[in-house]
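Values in this text are rule-based calculations from the coordinates and carry no lab data. For clarity, every value in this text was computed on a predicted model and none was experimentally measured. Virtual Cβ from ideal backbone geometry, glycine too; neighbours counted across all protein chains shown.
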Amino acid sequence: MMPMTADNTLQQKARTEANAGHYQEAIALYKKLLQQGDNEDCHRQLAHCYLQRAKSFAGREMIREALVLWENHARHSPPPYQAFDRYLLWLILSNNQTKLQQRVKQLTAQQLDRDYPELAAVLGLLILTRLPRLQQALPEDSVFTSHLNRVQLALQARDLDGMLEALQQLPYRSAFRDLRSLVKACKTASHSPAEARSLLNRIPPHSPYANSAKLLQICGYHGAVLARQLANLDSHRRQLLGDVIGLKSEQLKLLDALCKQADKLNDKAKFTLALQFQSLFGAELTQRYCLAMLPRYPAGLKPYQKHFGTIDDYQHHRLKALTYEREHRHQAAESHWRNCIDLLRHNPDGNSDLKIALILRHMAENQEGPELASQLRMESLEYDPNDRNCLLEIVRYYGQSKETADRQKAWLTKALAKFPEDIELLTLAIEAAIHHKAYKKTVHYANRILQIDPLNRFAQQTLLNGHLNHARKLLKNNKYSLADQEIRQAEALKGGKSKTLETQLLRALLCFADGDQTQGLQLLAETLTKLHSDPVNMHFQVVVEAQLCGLPMATLSQALPTAKDYRLSAKELSRLNQQLRQYGALPGRRTLLCKALEKIKEPVKKSLTQLDANEDLLLSLCQTLETIGHFELLRFCSECAPEPSANPIWVYYQIFADSQGDPTRCDAMQAHRLTVNLDKAKAEKNLRARALIEPYLNRYHLAYPELEPMLDVYDQHRSADSIEQLFAQVPDEVLAQINKKMATLFKKISPERLVSDLNQSTTDSDTLLSAIMNEPNLFTALLMLRAADELGVDLGVSVERVLSFFEVAQPPSRSFRFPF
């Protein structure tokens, strides 16, 4: 083997640096090698390194440096040069017209027609606009030159039709094809804007005609969209498009002023601009805008009155009320609103009643409690009785409590009399009827919805369930003939395999009660065998149905195989959980479900002890057992979880079961355990456990406030808690309702689902979900808003306020409030 020379070592080192992308170091080494002797390979490698450095500088928009480096590349490389088209494009960007003229002469016809399509498109536009003399430097035998001559002749046409006809002769791959699209878009814009937009969208973003296409697209916009687009342009282009569109000089001046003050466009600036450009907007619109701005900019009252005259008493009180509301002084604001109402009553005009109604509804939005808000909404209906949303809010409010069920019924009747085909009201009527076990009414309202919307899935399911539940009620009252009619109507409906079997099950029970008991028991056993693969689920369903229909449980159970020693699989436990949820969906069934569980609890317990680690199934079962209130099985189920003391959620379910769902029955040690596990849930960002433990502890402390100092439940700086700060104005009784609703919602709504529901107009999904995972309090706050929304309660906090409080980035929007 020959010994390694110094040159070979230096060359190897240079190649290593080049391969690693260290081109500056490689260049220095190759120069050193060339000083020792001329070498073709060194020249080639040096040229390559210079070229890569040139591309790197051009990518960073350092064009002058890129040009120097490319020229160094050319000194060490024979023609044809690599990236010659890039070099010419950089010369165009640097505006070096002399050198560009010289270098363009070196282009061959093949390069211009085939090798450099991007350069050809740029040169074509440049020759047609700024540098026509470049045409002299082009090869005369190129197809590009021929197309250029045609385009120049076409542009001399006096009309777009003639221009387009000439351009249509160009082939598809011509360097001027995007120019043809521009001309065609201009021709079609007047009679077919959509086609024009489609043509312009076909021009690729890297095309030299892309900027012209963008400007043409802006010409097709109107109003605020046009204003936003123009505001994004520089002053020169804005002036150019303004002339094309035909904007007035005052409109362009307003846009310039808005752009200059974009970052400091405060209320004062907006108010001043409105007055300054009053001639543009018109006196009436300017006056209305400035009047609307006065609550946000009280200092504008003096210039307002100078331009439009002294405000009347009504406007005086209205502005005072709005100003106080901005300061969160709602009681002071209410006094001024009442003065507004009195003035409208004593000085009525054509819209006085509507104005009073709107004022009262506005006042309702700012009330601390839902009761006062509902009273104001009811008062507003005296002046505007046909407001659907107001009626809906009142119906929802009275539907929150059993004590107000009669009032809800009365208001539902009123609302449906005014809006008989309103699906939302009919849905509320169905919910109320189900709550009162008025299944005949349920069927009636479901049929009304289906008359309006035949494909309404909720109404279809409600109709079928209504017939089945009414049949059970009639069976219990020994009205067998009527029960038979309900079952027949259910049989006529298409409800899927499970509903068909459920209907068949009721047919078997009817046969047992009013016909041949032996045949009824046989049909019962056959149906349950089709419904379930195990005897435990069979026995459970029989016991539930027997109670609902008033039939003997023991006799019916004898027709089924024994379940005493049966071990349920995970799939069969899931089926039992599904049954519990289906039967528990209707109110008033907790007792009978617990009674049915008593009959099968032993095989269920044995099955749980032999179940392989399946936390999802156990958690789902715990949620269901918590809802129906079977505390013995809930406790047992939570203890079957892997490491039941390690996860805060299992500790919660154990204490919930021990206290039978009543936090007032917790002792101090249990409360302390919950507190410790709440801190752990916060640290681990276990949102589900936190959402369950927090409201339970809050209810405990409401019951025993004197014990709070004895426990480590809240930290020393509780007042600084973000949730406390956001919802400090919400009364404790309302918070108690919210917390109770949150516990229910958390079983149904994951963070992903909540983000999806909120993402219509807030922020990016990934950003919001990431923020929730990093700050559990954000999820709690958003879930509180969701709970309040479902309860019909206004907490005085918006989604935007919550996102802003937790510093979640929201998409910027530039809003121009002045019309054109």
Find out how many positive minus negative residues lie around Asp161, taking Lys and Arg as positive, Asp and Glu as negative, among other residues whose Cβ is under 12 Å from that of Asp161. +1
Please work out which option in [x] 42, 30, 26; [y] 55, 29, 23; [z] 69, 43, 32 gives semi-axes √(5λ) of the Cα gyration tensor in Å calculated from these coordinates, and answer with its label. [z]
Taking a ≥ b ≥ c as the square roots of the Cα gyration tensor eigenvalues, with a/c under 1.5 meaning rounded and otherwise prolate when a/b beats b/c or oblate if not, the range 235-398 comes out prolate
Over 18 Å between Cα atoms, which of Lys499/Lys605; Lys414/Lys441; Lys440/Lys479; Lys437/Lys476 qualify? Lys499/Lys605
By how many degrees, 0 to 90 and rounded to 10, does the Cα axis of helix 668-684 deviate from the longest principal axis of the chain? 20 degrees
Neighbour net charge for Ser380 - beta-carbon separation under 13 angstrom, K R +1, D E -1: -3
With Cα coordinates, the longest principal axis of the chain makes an angle with the long axis of helix 352-365, in degrees rounded to 10, of 80 degrees
For the Cα atoms of the chain, what angle does the longest principal axis make with the long axis of helix 765-774, in degrees from 0 to 90, nearest 10? 60 degrees
What FRET efficiency, computed as 1/(1 + (r/R0)^6) with R0 = 35 Å and r the Cβ-Cβ distance, is obtained for Thr562 and Ala703, rounded to the nearest 0.05? 0.15
Under the rule of -39500 (n - 2.57) per DSSP H run of 4 or more residues, summed and divided by the residues of the chain, what mean residue ellipticity at 222 nm is obtained, to the nearest 500 deg cm²/dmol? -21500 deg cm²/dmol
Cα centroid distance between the range 90-160 and the range 357-412, in Å? 74 Å
For 500-512, 580-592, 266-278, ranked highest to lowest by mean beta-carbon neighbours within 10 Å, the order is 500-512, 266-278, 580-592
Relative contact order for the chain: what is it in percent, counting Cα pairs under 8 Å that are at least 6 residues apart? 6 percent
Ordered by packing density, taken as the mean number of other Cβ atoms within 10 Å over each peptide's residues, highest first, how do 108-115, 783-790 rank? 783-790, 108-115
Mind ordering 451-463, 692-704 by average Cβ neighbours within 10 Å, highest first? 692-704, 451-463
What are the lysines whose alpha-carbon lies under 23 Å from the alpha-carbon of Lys306, with same-chain residues fewer than 8 places away excluded? Lys268, Lys270, Lys320
Give the distance, in whole Å, between the Cα centre of the range 282-348 and the Cα centre of the range 629-675. 56 Å
Excluding Glu790 itself, calculate the net charge of residues whose Cβ lies under 10 Å from the Cβ of Glu790, where each Lys or Arg counts +1 and each Asp or Glu counts -1. +2
Between Ala554 and Ser722, what is the label-point separation in nm under the 7 Å Cα-to-beta-carbon projection? 6.0 nm
